[in-house]
1. Output the number of residues of the stretch 551-607 satisfying the condition of being farther than 18 Å from residue 630 by Cα and open to solvent by 30 Å² or more (accessible area, probe 1.4 Å).
2. Quick one: which helices (runs of 4 or more DSSP H) sit completely within the stretch 519-630 and have at least 1 residues that are touching a Lys or Arg at 6+ places or on another chain (Cβ under 9 Å)?
3. Considering only residues that are part of a helix (DSSP H, G or I), surrounded by fewer than 21 Cβ atoms within 10 Å (Cβ to Cβ) and either within 60 Å of the chain's Cα centre (by Cα) or modelled with pLDDT of 90 or more (or both), which ones fall in the stretch 30-45?
4. When residues of the stretch 58-89 are filtered for being open to solvent by less than 70 Å² (accessible area, probe 1.4 Å), out of contact with any Gly (no Cβ under 7 Å at 6 or more places or on another chain), of a type outside the set (Asp, Glu) and closer than 21 Å to residue 46 by Cα, how many remain?
5. Scanning the stretch 100-152 for residues that are assigned to a loop (DSSP other than H, G, I, E, B), more than 58 Å from the chain's Cα centre (by Cα) and on the phi < 0 side of the Ramachandran plot, which turns out surrounded by the fewest Cβ atoms within 10 Å (Cβ to Cβ)?
6. In the stretch 69-95, which residues are at pLDDT 90 or above and basic (Lys, Arg)?
7. Would you please name the residue that is farthest from the chain's Cα centre (by Cα), looking only at residues in the stretch 523-541 that are farther than 16 Å from residue 625 by Cα and open to solvent by 70 Å² or more (accessible area, probe 1.4 Å)?
8. So how many residues does the stretch 455-503 have that are polar (S, T, N, Q), modelled with pLDDT of 90 or more and open to solvent by less than 60 Å² (accessible area, probe 1.4 Å)?
Amino acid sequence: MSNSKIYPKTQQYSNEFLERILAVAPGHIYWKDLEGRYRGCNNLQAIDAGFKHRDEMIGLTDYDMPWSEDADFLRNIDAQVMRTGDTIVAEEKSKTFDGREAIWLSTKEPLYNEKGDIIGIIGTSLDITAQKEFERLARENHAQTIALEQQNKFKKIVDQVVHDIRSPIASMQMILPLCNRLPENLRVSLNKSAVRIADIANNLLNKVKPEEHWTEDEPSRVPTLISADLLEILTEKKFEYSKLPLDFVSEISQAGYFAFINIDTKAFKRTLSNLINNAVDALEGMTGKITVHLDVIDSKVQITIEDNGKGMPEEVKNKILNNIAVTSGKTNGHGIGFSQIRDALNSNQGTLEIESEIGVGTKIFVTFPQIENPEWIAEKIELYNDALIVILDDDESIHGAWKARFKKSASYLERKHFKDGNEVITFINGLNPIRKNKVFLLTDYELLEQNLHGMEVIRQTGIKNSILVTSHHNNPEIRDLAKSTNTKILPKPLASEIPIVILEAPNPTITPSTTGEFAKVDLVFVEDDKEFANIFKRVLAMDNKVIDTYPTANEFLSNIAKYTTDTIILMDNQFEQENITGIELARQLHEKGFSRLYLFSGSDYSGDSSIPKYLTPILKTDLEKVKNLL
């Protein structure tokens with residue numbers, strides 16, 4: 001035949017051969033006549049149709065099968081095969097007799113008689129339900145992965161925007177109090193604009209961070225910087241009621257900014273939220289002002305919510321103070337949420353007072369015991385008058401703000417400004433020990449697009465006098481990092497409020513000399529192993545020798561003026577907490593005129609060509625050699 005198609009001629013196959021094919025085939029095999037009646041099939045086809053033997057299907061159509069709902073679709077494919085003579089491969093859906101929804105990959109082609117006339121179709125169907133489900137799950141997983149990546153990308157962008165906005169806002173708030181030449185109305189307007197932008201940034205961040213659900217879990221009381229929570233809630237309320245003609249104002253005293261109370265944070269936030277809601281209700285949609293005060297009075301932290309609304313009737317006020325339910329609260333704008341407020345106050349040692357006058361307004365006072373501030377908070381910037389201030393922040397506006405603050409407080413102090421953390425490390429570690437010891441470092445934690453953060457800069461430089469200035473003060477991991485280096489943390493929003501205190505530097509540095517009043521010692525020992533240094537000192541004291549010991553090179557260099565240049569100085573070579581070796585220390589001492597310098601080490605440096613001639617190595621086990629020097 002000239003036609004390239006292979007035409008099945010089933011009648012030519014022996015029954016035995018046909019039975020074998022039908023038995024071992026992995027899928028369904030079936031054939032139908034021109035009217036769509038089944039003329040034969042294998043057992044797999046019959047079983048899924050609910051028949052015990054394949055002969056039971058002969059003469060039936062798809063409309064008689066469990067998949068009758070899909071019979072029209074199946075019949076259309078069969079008709080297309082018989083009309084065109086083409087082989088068609090298609091995915092088909094159908095139900096099995098037990099109600100299972102299945103997907104089949106079917107291949108159908110024409111069935112011919114001996115004369116070449118199409119007399120029906122023959123088909124095979126493979127169950128690909130599991131494969132299609134796997135593909136569906138893979139698509140869903142891929143879609144979810146893309147969605148999550150997009151969400152994380154968006155959150156990263158939001159974090160970046162908020163970070164970029166907060167820094168110039170903090171700068172504006174630090175600089176504005178110094179702009180005395182500007183008219184007061186302009187200063188007030190600028191300050192309100194700065195606060196408004198900060199509110200927008202905070203609200204944007206709140207929309208992409210996981211929502212905090214207030215629950216009735218067991219209260220967890222922790223030391224809380226109350227000003228931070230108060231400002232956060234106030235920001236949320238400004239947006240919640242942005243369409244009302246309301247003016248929200250915060251008035252926080254210097255002591256209030258840095259005051260801590262021991263409280264369940266969730267309960268406090270909900271309490272403050274309810275109090276502000278009540279103040280809003282009292283204004284009944286009219287133009288008004290809500291002021292939130294924060295102050296410390298007699299070791300008590302007092303928060304006052306003040307409104308100029310309709311005022312509270314005496315009977316309502318008395319009910320609230322006596323813990324009696326107020327059912328008509330919404331009508332007068334008060335009462336709603338006071339049950340929760342009372343519970344929160346009782347469980348956190350808080351008290352409640354109310355002052356109200358009809359037609360004038362209401363003041364709600366909530367008071368909590370002040371607790372001692374945690375060790376991590378920086379309550380002031382305390383500097384000596386010979387300090388070298390190093391400021392690290394990746395935002396230029398922050399540098400301008402610090403310049404303005406120090407210009408007012410201590411313009412004579414030397415300052416160095418950096419935006420790159422690695423440059424700070426290089427600069428500080430390149431200083432001589434005396435100058436390095438005078439460094440006071442103010443560093444941001446986040447250093448964008450840099451491979452390190454502010455705490456890493458502190459660690460690599462070994463600076464003792466430093467403050468971490470960050471908006472992430474509530475992050476326990478950052479607090480732990482700061483604690484490991486005895487670094488204080490300053491919440492960035494409080495940078496404009498922290499006091500700057502200048503102290504007189506003790507023991508001003510003078511050049512060593514061989515004349516004048518000096519310490520009368522036989523030997524100076526610089527050793528960071530305090531236990532070994534104490535033993536060494538006691539042993540030589542038995543010979544009536546006077547020994548001064550120093551645990552760090554920096555501490556010794558700070559007291560170098562006490563000693564004559566012919567003082568015997570022993571020094572270890574390794575100082576684990578400092579970026580200096582005994583060899584480098586000896587070099588600096590030699591440059592200052594000290595002549596009796598000894599490297600007192602556990603390692604044998606005799607014969608080491610790297611040891612300068614002015615430095616003599618002595619093993620720590622050779623005590624007799626030390627005694628011979630005295």
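1. Here is the first cut: in the stretch 551-607, the ones farther than 18 Å from residue 630 by Cα are 551-562, 572-593, 601-607.
In the following step, the residues that additionally are open to solvent by 30 Å² or more (accessible area, probe 1.4 Å) were identified as 551, 555, 558-559, 562, 574, 576-579, 581, 583-584, 587, 590-593, 602-607.
Of the residues in that region, 24 qualify.
2. On the way: elements: 530-541, 553-558, 582-591, 623-629.
Those helices (runs of 4 or more DSSP H) span 530-541, 553-558, 623-629.
3. The initial filter retains those residues of the stretch 30-45 that are part of a helix (DSSP H, G or I), namely 43-45.
Restricting the remaining residues to those that are surrounded by fewer than 21 Cβ atoms within 10 Å (Cβ to Cβ) gives 43-44.
Passing the criteria: only 44.
4. The total comes to 8.
5. Initial filter on the stretch 100-152 (assigned to a loop (DSSP other than H, G, I, E, B)): 100, 113-117, 128.
Pick out the ones that are also more than 58 Å from the chain's Cα centre (by Cα) and you get 113-117.
After this cut, where a residue has to be on the phi < 0 side of the Ramachandran plot as well, the list is 113-115, 117.
Numbers: 113: 13, 114: 10, 115: 6, 117: 10.
This residue is 115.
6. Correct list: 75, 83.
7. The residue in question is 538.
8. Initially, the stretch 455-503 is screened for residues polar (S, T, N, Q), giving 460-461, 465-466, 470-471, 474-475, 484-487, 496.
Those still in the list that are modelled with pLDDT of 90 or more too: 460-461, 465-466, 487.
Still in the list and also open to solvent by less than 60 Å² (accessible area, probe 1.4 Å): 461, 466, 487.
Going through the stretch 455-503 one residue at a time, the tally reaches 3.
The values are calculated or read from the model by the stated rules, or taken from the named source; none is laboratory data. Here the structure is a predicted model, which means the values were calculated and not measured. Cβ: placed from backbone, ideal geometry, glycine included. Neighbour counts: every protein chain shown. Calculation scope for accessible area: heavy atoms of the full protein, side chains included, ligands and nucleic acids excluded. Shrake-Rupley method; radii C 1.70, N 1.55, O 1.52, S 1.80 Å.
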